[in-house]
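The values are calculated or read from the model by the stated rules, or taken from the named source; none is laboratory data. The structure displayed is predicted, hence computed values, not measured ones. Quick reminder, even Gly has a Cβ in these numbers, built from the backbone with ideal geometry, and neighbours come from all protein chains shown.
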2 protein chains.
Amino acid sequence: MPLPQDDGPMRPTVAKMVHQTLDEMTPTERRIAHILLASYPMVGLETVAAFAERARTSGPSILRFITKVGFKSYAAFQRALREELKERLESPLARYDGVMASDTPLPDDSGRDTLARFGDALAANIRRAFDTLSRDEYEAVIALLTDSKHALHILGGRFSRTTASYLHMYLRELRPIVHLIDGPTSTWPDQRLDVSKHDTLIVYDFRRYQPDVIRFAEQMARQGVTLVLITDIWNSQITAHAHHVLSVPVEVPSAFDSGVAGLAMTEALVAGVVDRLGSRGKRRIERLEKLRTASGEE
Amino acid sequence: MPLPQDDGPMRPTVAKMVHQTLDEMTPTERRIAHILLASYPMVGLETVAAFAERARTSGPSILRFITKVGFKSYAAFQRALREELKERLESPLARYDGVMASDTPLPDDSGRDTLARFGDALAANIRRAFDTLSRDEYEAVIALLTDSKHALHILGGRFSRTTASYLHMYLRELRPIVHLIDGPTSTWPDQRLDVSKHDTLIVYDFRRYQPDVIRFAEQMARQGVTLVLITDIWNSQITAHAHHVLSVPVEVPSAFDSGVAGLAMTEALVAGVVDRLGSRGKRRIERLEKLRTASGEE
DNA sequence: AGCTTTTCGTAATGTACGATACAGGAAGAA
DNA sequence: TTCTTCCTGTATCGTACATTACGAAAAGCT
């Protein structure tokens with residue numbers, strides 16, 4: 001069981017290593033370096049042959065280049081590139097200092113405490129959620145949410161109900177006919193009466209997918225309702241019936257799954273709705289404000 | 001000179017292809033999918049053997065997975081991933097072209113779409129929340145939460161109630177006597193009867209600090225209750241009476257404040273409680289599981 | 001020019017890797 | 001139970017790949 005290799009404290013980026021070796025290189029090696037840095041680091045992840053072709057040179061020249069830069073093998077070189085890439089994908093701030101040959105060190109997690117790591121995991125989850133989210137899918141869901149002609153129903157499981165409720169409260173501010181399906185399961189059949197076939201149902205279904213939630217969603221789907229599913233990457237069975245799926249990571253160093261990315265996605269949806277509604281939504285909110293202060297509530 | 005092969009107009013992302021195939025997959029394949037998506041797309045760039053090991057499975061299973069997703073070979077799969085990655089890396093740098101020659105000192109986000117920026121803001125909020133959190137304060141709150149001798153009460157505002165409810169549900173799994181103060185404000189005085197002076201009250205109070213929440217918290221504090229406040233950095237008036245304050249950033253590029261960091265902090269608390277309780281908490285959860293399956297519920 | 005040194009590609013080699021065939025075994029049906 | 005089907009890992013194979021050896025060509029030096 002190989003532990004994730006620790007390449008010692010703070011190795012320099014490959015780009016930097018290349019820069020430092022640059023003046024003791026032969027002409028073709030210089031060309032290779034240039035090709036690598038220009039498409040950094042993609043070409044380095046391909047095979048030696050492909051790399052060579054792009055640099056209009058031969059395999060051995062690539063290998064000599066690699067060893068001169070300081071790697072024991074081409075495999076080691078690729079491993080280093082992947083490591084780098086991984087960090088860069090996870091921390092948007094350190095995005096390009098590799099190529100810039102800047103000396104800002106990459107964040108090094110090893111010294112941080114569990115709390116900080118927990119935070120990092122959450123941040124990474126959010127990042128990943130938005131990275132893997134298809135923009136088309138997102139836009140399509142926003143379109144459904146802003147369509148005030150048809151009713152909107154929201155359903156959540158035991159824990160995800162809180163997130164469902166969150167979405168419900170915000171959407172209620174922004175548009176008419178938003179309905180949260182809540183209360184004990186036994187009352188759900190009644191609530192089904194209010195759902196017509198042109199409506200949309202947003203379902204939150206996360207690990208420990210609840211049979212009652214699944215059943216309800218499937219029945220709705222059969223009834224012709226448009227189904228939007230927000231789930232973890234394991235994906236509930238509902239995926240099969242859903243018209244749109246937004247999946248988010250839930251894993252954190254903890255006994256329980258995290259709902260943070262799910263909430264993040266939910267807020268992104270709300271933000272998207274606000275955006276799309278424009279002044280129309282704004283006016284609605286203002287009207288609501290007035291009503292609230294008038295009634296002296298809160 | 002081989003042209004860069006064009007795989008037709010706008011092929012879907014690998015992630016999406018995986019999602020679409022997900023429901024016709026076997027358990028092992030699902031696990032593979034999960035591993036891939038969780039570290040997206042880094043494991044996919046490694047060798048089949050490395051990928052297999054990370055997914056605790058065998059090489060052939062990886063290959064079956066790859067073909068089921070829709071790739072002719074592992075090489076084709078990797079090529080697709082690289083293409084994707086390339087686009088993702090290039091888009092924020094479009095204006096950045098002559099990287100080395102450019103004199104712009106720092107890369108910024110202006111090239112990315114609003115969704116990505118939104119995600120960045122959320123991730124940054126979480127990081128800041130944990131960076132500025134005092135470890136002592138955190139530990140002290142955990143101590144209060146794990147103290148099962150005294151009752152615990154949880155209170156939230158209009159929106160933060162969902163987070164309060166989230167905390168409530170998890171803590172209920174982990175310890176006895178946890179009580180969520182909910183329902184309309186008018187019923188709160190009644191619920192106050194259940195609160196004794198050695199209890200702890202967790203209050204969520206965010207911008208648009210609600211008078212009723214503030215009033216309730218203050219009364220409790222006068223009654224001798226230990227007060228824990230979770231709030232945004234602007235801090236509610238309750239700060240004055242609180243024994244412990246955990247503040248989190250709420251700002252995002254959107255019309256509304258974000259509750260994500262608040263939820264993150266909440267989950268960190270739950271994780272801390274689990275940690276502190278150790279096997280004791282574990283046993284309690286197992287007992288609960290049994291009860292639940294026994295009663296046939298969900 | 002002729003000799004030496006450096007540079008670089010061709011060709012050969014060994015191996016690590018992806019691919020495949022197959023069988024043990026679990027899960028489900030009859 | 002027994003039979004069937006579907007999973008999934010082990011063992012094997014063939015090949016594409018990184019790597020090495022070698023020699024031709026270029027560059028540098030006297």
- Is it fair to say B:THR67 is surrounded by fewer than 19 Cβ atoms within 10 Å (Cβ to Cβ), of a type in the set (S, T, N, Q), closer than 25 Å to A:PHE77 by Cβ and within 8 Å of DNA strand C (Cβ to nearest atom)? no
- Query: Of these, B:VAL274, B:VAL252, which one is within 20 Å of the chain's Cα centre (by Cα), under 20 Å from B:ARG158 (Cβ atoms) and in the same structural domain as B:LEU144 (by TED's automatic domain parsing)?
  - Reply: B:VAL252
- Task: Might you check whether a residue that is more than 24 Å from B:VAL260 (Cα to Cα), part of a helix (DSSP H, G or I) and within 14 Å of chain B (Cβ to nearest Cβ) occurs anywhere in the stretch A:147-162?
- Result: no
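Each row is one residue, and each column tells you yes or no for (1) in contact with a Phe, Trp or Tyr (Cβ under 9 Å, 6 or more places away or on another chain); (2) more than 17 Å from B:GLU137 (Cβ to Cβ).
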position: B:VAL225; (1), (2): no, yes
position: B:ILE230; (1), (2): yes, no
position: B:ILE233; (1), (2): no, no
position: B:THR239; (1), (2): no, no
position: B:HIS243; (1), (2): no, no
position: B:VAL252; (1), (2): yes, yes
position: B:ASP257; (1), (2): yes, yes
position: B:ALA264; (1), (2): yes, no
position: B:ALA268; (1), (2): yes, no
- Message: Anything in the stretch A:101-123 that is assigned to a helix (DSSP H, G or I) and at pLDDT 50 or above? List them, or say none.
- Response: A:THR114, A:LEU115, A:ALA116, A:ARG117, A:PHE118, A:GLY119, A:ASP120, A:ALA121, A:LEU122, A:ALA123
- Report, ordered by the first and then the second residue, all pairs with beta carbons closer than 8 Å, sequence separation of six or more or different chains, a first member in the stretch B:47-62 that is outside the structural domain of B:PHE77 (by TED's automatic domain parsing) and over 17 Å from B:MET25 (Cβ atoms), and a second member that is within 11 Å of DNA strand D (Cβ to nearest atom) and among the β-branched types (Val, Ile, Thr). none
- Among residues belonging to the stretch B:19-44 that are touching a residue at least 40 places away in the same chain (Cβ under 8 Å) and closer than 18 Å to B:ALA80 by Cβ, point out the one that is farthest from DNA strand C (Cβ to nearest atom). B:THR21
- Message: Against the condition in a helix (DSSP H, G or I), more than 10 Å from every other protein chain (Cβ to nearest Cβ) and in contact with a helix residue (DSSP H, G or I) (Cβ under 8 Å, 6 or more places away or on another chain), how does B:ILE126 come out, does it pass?
- Response: no
- Query: Out of curiosity, is A:ALA129 in the same structural domain as A:GLY259 (by TED's automatic domain parsing), modelled with pLDDT of 80 or more, more than 16 Å from DNA strand D (Cβ to nearest atom) and surrounded by 15 or more Cβ atoms within 10 Å (Cβ to Cβ)?
  - Reply: yes
- Residues of the stretch B:211-261 being surrounded by 17 or more Cβ atoms within 10 Å (Cβ to Cβ), among the polar types (S, T, N, Q) and part of a loop (DSSP other than H, G, I, E, B), which ones? B:SER236, B:SER254, B:SER258
- Query: Going by the structure shown, is A:ALA271 at the interface with chain B (Cβ under 9 Å from one of its Cβ atoms), surrounded by fewer than 23 Cβ atoms within 10 Å (Cβ to Cβ) and part of a loop (DSSP other than H, G, I, E, B)?
  - Reply: no
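For (1) away from DNA strand D (no atom under 11 Å from the Cβ); (2) of a type in the set (D, E, K, R), each residue gets a yes or a no:
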residue	(1), (2)
B:VAL43	yes, no
B:VAL48	no, no
B:PHE51	yes, no
B:ARG56	no, yes
B:VAL69	yes, no
B:LYS72	yes, yes
B:ALA75	no, no
B:LEU81	yes, no
- Task: Mind listing just one residue for me: the one in the stretch A:176-204 that is within 14 Å of chain B (Cβ to nearest Cβ) and under 29 Å from the mean Cα position of the chain (by Cα) and, of those, surrounded by the fewest Cβ atoms within 10 Å (Cβ to Cβ)?
- Result: A:ASP182
- Task: Report, ordered by the first and then the second residue, all pairs with beta carbons closer than 8 Å, sequence separation of six or more or different chains, a first member in the stretch B:66-89 that is part of a loop (DSSP other than H, G, I, E, B), and a second member that is of a type outside the set (A, V, I, L, M, F, W, C) and away from DNA strand C (no atom under 13 Å from the Cβ).
- Result: B:GLY70/B:THR21
